[in-house]
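Just so it is clear, none of the values below were taken in a lab; they were calculated from the coordinates. Bear in mind the structure is a predicted one, so any value in this text is a computation, not a measurement. No Cβ is skipped: glycine too gets one built from the backbone with ideal geometry, and neighbour counts run over all protein chains shown.
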Amino acid sequence: MAHKIEKLENPARLEELSPEKTLKRIGLEPGMTFADIGAGTGIFAIPAAKMTTEKVYALEISEEMIQLLNHRKEEAGLDNLDIRKVEEGLPLEDDSCDLILMVTVFHELDDKEGMLQEIRRTLKDDGRLAIIEFHGYETPMGPPIPHRIAKEAVQEHAEANGFHLVESFDLGDNFYCQLYKQV
């Protein structure tokens with residue numbers, strides 16, 4: 001697990017992702033309910049919990065990451081950080097989130113349509129979805145090209161499942177971010 005933490009918290013990766021700045025850019029504001037799907041070590045969920053007074057859901061499949069998140073939650077005294085294990089579907093109520101984020105998770109999903117439908121179920125009517133992924137071409141860091149998903153492919157999946165692209169921007173040399181709203 002130490003190797004995975006080092007990879008997720010690589011200083012160059014963190015600088016490029018710039019969690020606080022990116023959370024502001026995708027529209028996280030005080031009073032919003034936020035979910036981080038595939039929260040990992042909490043690099044987005046923890047700053048998000050400091051930016052809003054409402055619930056921040058850190059959703060994760062890895063038991064080791066959940067233990068780490070619980071430890072970090074306790075250390076930071078974040079009562080609004082709600083850590084939940086993902087097994088079948090998203091462990092969230094219908095219409096419960098203002099903003100949902102997936103950081104380098106979408107390319108790993110076997111059932112992209114199923115996940116997008118789950119996100120639609122859990123987003124409020126005016127809610128938004130942000131997807132951050134590695135560019136579809138060779139970059140200084142990231143998985144092999146066959147494991148990546150290009151911007152256009154993410155947009156096709158999203159639009160086929162009831163989302164409309166609001167904004168697309170690059171985060172340094174390695175990542176892009178797409179912000180969607182429901183149609």
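Given q = 0.13, 0.17, 0.22, 0.25 Å⁻¹, what are the Debye log10 I(q)/I(0) values for region 46-129, with equal point scatterers placed on the Cα positions and solvent ignored?
Relative scattering, expressed as log10 I(q)/I(0), comes to -0.43, -0.74, -1.20, -1.41.
As an exercise, use a Förster radius of 35 Å and the Cβ-Cβ distance of SER62 and ILE145 to find the FRET efficiency, rounded to the nearest 0.05.
Efficiency, rounded to the nearest 0.05: 0.90.
Relative contact order of region 130-179: what whole-number percent is it, with Cα pairs under 8 angstrom and at least 6 residues apart?
46
Roughly how many whole Å is it from the C-alpha centroid of region 40-115 to that of region 131-148?
Between the Cα centre of region 40-115 and that of region 131-148, the gap is 22 Å.
Of all DSSP beta bridges located in the chain, what percent are antiparallel, nearest 5?
Of the beta bridges lying entirely in the chain, close to 45 percent run antiparallel.
When averaged across all projection directions, what area in nm² does the alpha-carbon convex hull of region 1-148 cover?
It is 8.7 nm².
Which order do peptides 2-14, 100-112, 77-89 fall in by mean Cβ count within 10 Å, highest first?
So the order, starting with the most tightly packed, is 100-112, 77-89, 2-14.
Using Cα pairs under 8 angstrom and six or more residues apart, how large is the relative contact order of the chain, in percent?
Dividing the mean separation by the residue count of the chain yields 18 percent.
Taking the Cα centre as origin and putting +1 on Lys and Arg beta-carbons and -1 on Asp and Glu beta-carbons, what dipole magnitude results for the chain, to the nearest 20 debye? Let's see the in-between values first.
Details: 20 positive and 36 negative charges, 71 e Å.
About 340 debye.
What's the whole-number percent of alpha carbon pairs in region 67-183 lying beyond 18 angstrom?
Everything past 18 Å amounts to 55 percent.
Taking the alpha-carbon distance from LYS7 and a cut-off under 25 Å, which lysines remain once sequence neighbours fewer than 8 residues away in the same chain are dropped?
LYS21, LYS24, LYS50, LYS73, LYS85, LYS112, LYS151
Charges on Cβ only, +1 for Lys and Arg, -1 for Asp and Glu, centred on the Cα centroid of the chain; of GLN67, GLY77, GLN155, which one is farthest towards the dipole's positive end?
Result: GLY77.
Using 0.36 nm times the number of residues separating ALA12 and GLU93, minus their current alpha carbon distance, what extension gain do you get?
Using 0.36 nm per residue and subtracting the Cα-Cα distance, I get 25.6 nm.
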